[in-house]
Structures are given as C-alpha cells and as structure tokens.
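Before any comments, here is the structure.
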Amino acid sequence: MGSRSDRTRALAALHREILACRRCPLWATRTQAVPGVGPTDARIMLVGEAPGREEDLKGEPFVGAAGRLLDTLLESIGLSRGEVFITNVVKSRPFVGPPPGRNRAPLGPEIAACRFWLDQQLRIIRPQIVVPMGRVALEYFLPGASISSVHGRPQQGVECTILPLYHPAAALRGRRLRAVIERDFQVLRTLLRKKATPRGKGRSW
C-alpha cells in the first residue's frame, strides 16, 4: 500500500472508523474503543485478546499490569513500546457484572464482528512478525492450535512469521509461565536478527 505517509493516513482513517464502530453490542458498554498504537511501518505486531478496564478508560492497549510486564519483556530484547504495533483481536472491552464489571474473554460473535478491523490493520502495516498472545489471538491466526503446544515456536504464514506466545496476564499469575514467556521473547529477538533486511515490497493482506 503506497508510501509510508499513505499508510499512515490509511491507518488513521481506519482507527477513526473503529472508534465509531457499532458492529457488536460492546459499543453500548465501552468507555471508548481501543484501536491500537504503534508505528505504521512496525516490523512486529503484538496482538492480545481484548481491552481490559484500564485500557477502556485510557484508550490504549496493554496499559495495566500485563502491559507493564510487556514493556519489560520488550526491553529485555532491546525494543521499546514505540517500535512495535500493539492491538487486540477485539477492540472494545468485554465484561460481566454491573459496571465497572470484571473483564471476560470475548465471545465468538464479538470476535467475528471485529475481524474486519484487524485484517485491515494487517493489510496496512504489513508486519514481518505477528505475535498472537494467548488463546484467543492464537485461534485467530492458527485455528485449532494449542498455546501450550506452539508457544515460542515460529510458524511461517503466507505473509509473515507468526510467533505464538502466552499472554502476559497469564505470566502474572505464575512464576513458571513468567520464565516461559521470558524465554520465548528471546526467540523473538532471534527472529528479528534473521529478518534484519529491508522490508519486502508488494505484500498484501
């Protein structure tokens, strides 16, 4: 898709559409949609499942405890948040109970309603490496795969390399998973070194 400036304009227009989206009932209970953040020419796209309460309030993905761990993991391989694109499969917060409620995993119809937005982000950004974090994001990119079986193992997709990882929130709940995700991020470092070449042309999603 054209020059970097063309992609930047296209992504900004797409995010304005996401902010106004009413494709599923989550629009009625959100504070705001959370399209994603990061450079248009990011080599890496990190994809979680859905915004939580803090993300819903701030309008940015991964700004809670899991986000702080994600920042630490990125720093461990020499990256900053500003160098990667971060988003979720679902762009509005799902929750249960009376507001503010408890975060919950998105449902199938909610994921299906949001599919168009993530597909368009992929088409515009054209990342070299996509990192689905957790079960919901993994199902989006590798249907039927088990996160316990494929985490940390690069999978070659049609347009990019897919590196499944555990969700940082899972690592917060157990020391063992924290060690696993730290090792898996070293795989991401290795992938980046192997792909340290100019971006290819002509890729499309």
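Things worth noting here:
- Gaussian network model of the chain, springs between alpha carbon atoms under 10 Å - residue of 81, 126, 173 with greatest fluctuation: 173
- Annotation note: trypsin sites (Lys or Arg not before Pro) in the range 5-60 located in DSSP loop regions with a Cβ neighbour count of at most 13 within 10 Å are 22.
- C-alpha center-to-center spacing [the range 150-173, the range 89-119] in angstrom: 20
- Ranked by how many other Cβ atoms sit within 10 Å of their own Cβ, fewest first, the residues 130, 90 fall in the order 130, 90.
- Listed values (i) 46, 18, 16; (ii) 24, 22, 15; (iii) 52, 19, 11 include one computed from this model; for semi-axes √(5λ) of the Cα gyration tensor in Å that value carries the label (ii).
- Fluctuation leader among 13, 137, 42 - the chain, Gaussian network, Cα springs under 10 angstrom: 13
- Between 41, 71, 56, the Gaussian network model of the chain with springs among Cα atoms under 10 angstrom shows the greatest mean-square fluctuation at 71.
Here, each number is a calculation from the coordinates, and none is a lab measurement. Here the structure is a predicted model, which is why all the values come from computation and not from measurement. Here the Cβ is made from the backbone with ideal geometry for all residues, glycine too, and neighbour counts use every protein chain on show.
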